[in-house]
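The values are calculated or read from the model by the stated rules, or taken from the named source; none is laboratory data. This is a predicted model, so every value here is computed, not measured. So basically every Cβ, Gly included, is an ideal-geometry build from the backbone, and we count neighbours across all protein chains shown. Ligands, DNA and RNA are stripped out before the accessible areas are found, and what is left, the full protein with its side chains, is counted by its heavy atoms. Shrake-Rupley method; radii C 1.70, N 1.55, O 1.52, S 1.80 Å.
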Amino acid sequence: MASLGTLKLLDPAYVSVTYGAGGSTRDRSVEIAKRIKGETGIEVLAHVTCSGSTLDDLRALFHELEAAGIQNVLALRGDPPRGAATFEAVEGGFAHASDLVSMLEREFDFCIAGACYPEKHPEALSLHADLEALERKVNAGARFLITQLFFDNAHYFEFVARVRARGITVPIVPGIMPITNYDQIERFTAMIGATIPAGLRAALDVRRNEPEAVSELGVAYATLQCVELLENGAPGIHFYTLNKSPATRAVVSALIAARFGKVVVLSEGGRR
């Protein structure tokens, strides 16, 4: 919550709140989402995963979100619990995000968002299989999509072209994370299957023992990414802040100065 005061000054379209791995911080995440909505008035996009939850658990959670006035949900399958290699649905739960989206569409009145992966979901057998899964999610009721983070805009534009060629027309919001820590971004990209372009990696390697220089490069690079994305039709930007606002504030401030501020959206959380 500490970074929200500074983020609010940037007039975000929404702030998203993530789950921990395996849904491990669900109750705390819901409480934070309710506080953001109640105390700041900022629209909230609540992340909800299938991990560790039965259908009854999920219904109770969605009724709680409804009662708090939260209208937007990012429906995710979720990561395997800590220590587990693969995802397994609990008895009476869902195995796929599309099942969660379908239930939300049938039983509630949320605006439903879904996740997508410009460089392919790490568990998908092929780009074709990944697109089939995405199509099921959209057909089930997802009204817009947010991408996993990426560092080469070509991945986003090529992905959007593939999605559009399949007849999927919902907005696709690119997810951007300004790099602020060398070791952290190495872990993140390895975990989610994202790649770092050779030129950016070389520039990071030169600065790997200079934390401030890494952060300065990360802000500059993310700003250039965002400008190109917005100039070429992206409907907004979803920032992964990892609950730390300075780098995102710097990028957004530059975008506002360049008159892009009206189409920028923000995320309070980190990994999806």
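Candidates in the stretch 150-179 are the residues that are aliphatic (A, V, I, L, M) and either in a loop (DSSP other than H, G, I, E, B) or modelled with pLDDT under 95 (or both); of these, the one that is farthest from Phe108 (Cα to Cα) is Ile179. Scanning the stretch 215-247 for residues that are under 20 Å from the mean Cα position of the chain (by Cα), among the hydroxyl-bearing types (Ser, Thr, Tyr) and open to solvent by 30 Å² or more (accessible area, probe 1.4 Å) yields a single hit, Tyr221.
Looking at Ala113, Ala142, can you tell me which residue is farther than 26 Å from Ala220 by Cα, assigned to a strand (DSSP E or B), under 15 Å from the mean Cα position of the chain (by Cα) and in contact (Cβ under 8 Å) with a residue 40 or more places away in the chain? Only one candidate qualifies: Ala113. Scanning the stretch 116-139 for residues that are among the small types (Gly, Ala, Ser), under 16 Å from Arg166 (Cα atoms) and within 19 Å of the chain's Cα centre (by Cα) returns a single hit, Ala133.
Summed over the stretch 165-214, the residues that are free of Cβ contacts under 8 Å to residues at least 12 places away in the same chain, open to solvent by 60 Å² or more (accessible area, probe 1.4 Å) and among the hydrophobic types (A, V, I, L, M, F, W, C) give a count of 4.
Which condition breaks for Ala257 when tested against (1) closer than 21 Å to Leu76 by Cα; (2) small (Gly, Ala, Ser); (3) out of contact with any Pro (no Cβ under 8 Å at 6 or more places or on another chain); (4) at pLDDT below 90? All conditions pass for Ala257, except number (1).
Could you go through the stretch 208-219 and let me know if any residue there is in a helix (DSSP H, G or I), modelled with pLDDT of 95 or more, more than 25 Å from Arg259 (Cβ to Cβ) and of a type in the set (A, V, I, L, M, F, W, C). Yes: the stretch 208-219 contains one or more residues that are in a helix (DSSP H, G or I), modelled with pLDDT of 95 or more, more than 25 Å from Arg259 (Cβ to Cβ) and of a type in the set (A, V, I, L, M, F, W, C). Among all positions in the stretch 130-139, there is no residue which is touching a Phe, Trp or Tyr at 6+ places or on another chain (Cβ under 7 Å) and farther than 20 Å from Ala75 by Cβ. When the residues of the stretch 135-164 are narrowed to those that are among the β-branched types (Val, Ile, Thr) and open to solvent by 10 Å² or more (accessible area, probe 1.4 Å), which ends up nearest to Leu229 (Cα to Cα)? By that ranking, first place goes to Val160.
Residue count for the stretch 52-65, restricted to those that are open to solvent by 10 Å² or more (accessible area, probe 1.4 Å) and in contact with a Phe, Trp or Tyr (Cβ under 8 Å, 6 or more places away or on another chain): 1.
If the condition is being at pLDDT below 80, in a helix (DSSP H, G or I) and β-branched (Val, Ile, Thr), then the stretch 1-38 contributes Thr6, Val30.
When the criteria are applied in full, Pro118 meets the requirement of being farther than 29 Å from Lys8 by Cβ, at pLDDT 90 or above and out of contact with any Cys (no Cβ under 9 Å at 6 or more places or on another chain). The combined condition, being in contact with a His (Cβ under 9 Å, 6 or more places away or on another chain), surrounded by 15 or more Cβ atoms within 10 Å (Cβ to Cβ) and farther than 30 Å from Pro197 by Cα, is not fulfilled by Val48. When the stretch 94-134 is filtered for residues that are open to solvent by 50 Å² or more (accessible area, probe 1.4 Å) and hydrophobic (A, V, I, L, M, F, W, C), the ones remaining, listed by number, are Leu125, Leu127.
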